[in-house]
1. Would you kindly state how much longer the chain becomes between Glu77 and Gln186 on full extension, computed as 0.36 nm times their sequence separation minus their alpha carbon distance, in nm to one decimal?
2. Report the calculated FRET efficiency for Ala33 and Thr151 (r = Cβ-Cβ distance, R0 = 25 Å), to the nearest 0.05.
3. Tell me, what ³J(HN,Hα) does each residue in the range 59-67 have, in order and in whole Hz, if you take phi through Karplus 6.51 cos²θ - 1.76 cosθ + 1.60 with θ = phi - 60° and put x for Gly and Pro?
4. Among Thr172, Thr58, Thr134, which one shows the highest mean-square fluctuation when the chain is modelled as a Gaussian network with alpha-carbon springs under 10 Å?
5. If you average over every viewing direction, what projected area does the convex hull of the Cα atoms of the chain give, in nm²?
6. Separation of the range 15-74 and the range 95-111 by C-alpha centroid, Å?
7. Using only helices, what value at 222 nm comes out for the chain when you add -39,500 (n - 2.57) per DSSP H run of length 4 or more and divide by the total residues, to the nearest 500 deg cm²/dmol?
8. Which residue, Ser113, Ser46, Ser208, has the most motion in a Gaussian network model of the chain that connects Cα atoms within less than 10 Å?
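Only the coordinates and a few stated rules stand behind these numbers; no lab work does. All values derive from a computational prediction rather than experimental measurement. Note: ideal-geometry Cβ built from the backbone for every residue, glycine included; neighbour counts use all protein chains shown.
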Amino acid sequence: MLGADLSDELWSARLLLEDPALIRRAHADYYAAGADVATTASYQASLPGLVRRGMDETRAERLIRLSVELAGQARDEAGGGLVAASIGPYGAYLANGAEYTGDYGLDELGLLSWHRPRWEILASAGADLMACETIPSYPEARALARLLTETPSVKAWVSFSCRDAACLNDGTPIAEAAALFAGNSQVVAVGVNCTAPRHITGLITKLSGGLPVVVYPNSGETWDAARGRWTGTADPLEYGQAAEEWQRAGASLIGGCCRTTPEHVKQIRAHIS
């Protein structure tokens with residue numbers, strides 16, 4: 001939307017290095033459009049990923065903390081709102097599309113060890129809560145559930161990436177994955193993101209356990225890997241109308257993921273109570 005080239009294994013985290021002011025501007029645009037929450041540009045920022053880029057761990061940690069500072073500055077300028085520190089999946093670090101399959105070749109203990117350093121940094125960076133998002137696999141969900149128990153002061157939402165209207169990308173029924181967090185007072189919501197809008201209503205109906213439901217699907221476009229471009233439509237008005245249906249189905253918190261813009265947020269605001 002703002003002209004940045006994100007064709008990089010660091011994705012939006014690349015701008016923490018090259019143009020942090022643009023990240024702050026993007027957060028400000030979404031707050032101005034009516035967003036209540038900004039998720040930080042830490043989704044694809046991890047210590048191993050930043051070290052792989054050539055920096056030492058001290059600078060890598062500083063950049064991860066910067067992601068929270070930038071969102072906080074935009075929030076303060078907007079006069080209110082929340083900052084959610086993005087905890088992206090292990091597959092985002094791999095930068096090979098594994099977040100869309102959950103096929104990592106790493107077990108729960110390995111995932112726990114990989115997530116822990118960034119988790120500890122973001123837990124102390126001043127965000128209002130964690131956004132454990134685009135989680136495609138059951139072992140990774142279990143690892144994040146264990147990290148929550150290690151940091152009882154942290155609040156979080158947990159959202160899964162799904163391949164259809166019933167299952168995570170690794171084939172686990174969403175109800176089974178969500179049950180890991182039922183009854184956990186640290187979890188403020190559980191739901192779905194980075195998923196096609198057409199699957200959202202069906203997924204909402206399979207979520208239970210007393211927790212509020214959060215949904216923020218993609219724009220509706222599809223990535224054509226062979227041609228290297230997005231295809232399909234991303235009409236903000238249609239997205240806003242779909243948000244009404246998601247609210248009726250039981251979603252309490254509604255937003256947008258890949259390819260959604262401030263205009264999508266405005267339409268959500270216009271269509272839901």
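1. Numbers: separation 109, 0.36 × 109 = 39.24 nm, distance 2.80 nm.
Full extension from Glu77 to Gln186 adds 36.4 nm.
2. Numbers: r = 32 Å, r/R0 = 1.27.
Plugging the Cβ-Cβ distance into 1/(1 + (r/R0)^6) gives 0.20.
3. After applying 6.51 cos²θ - 1.76 cosθ + 1.60, I find 5, 4, 4, 4, 5, 5, 5, 4, 4 Hz.
4. Thr58
5. Values: hull surface 52.6 nm².
Average of the hull's projected areas for the chain equals 13.1 nm².
6. 23
7. On the way: 11 runs with 115 residues, N = 273.
The per-residue figure over the chain is -12500 deg cm²/dmol.
8. Ser113
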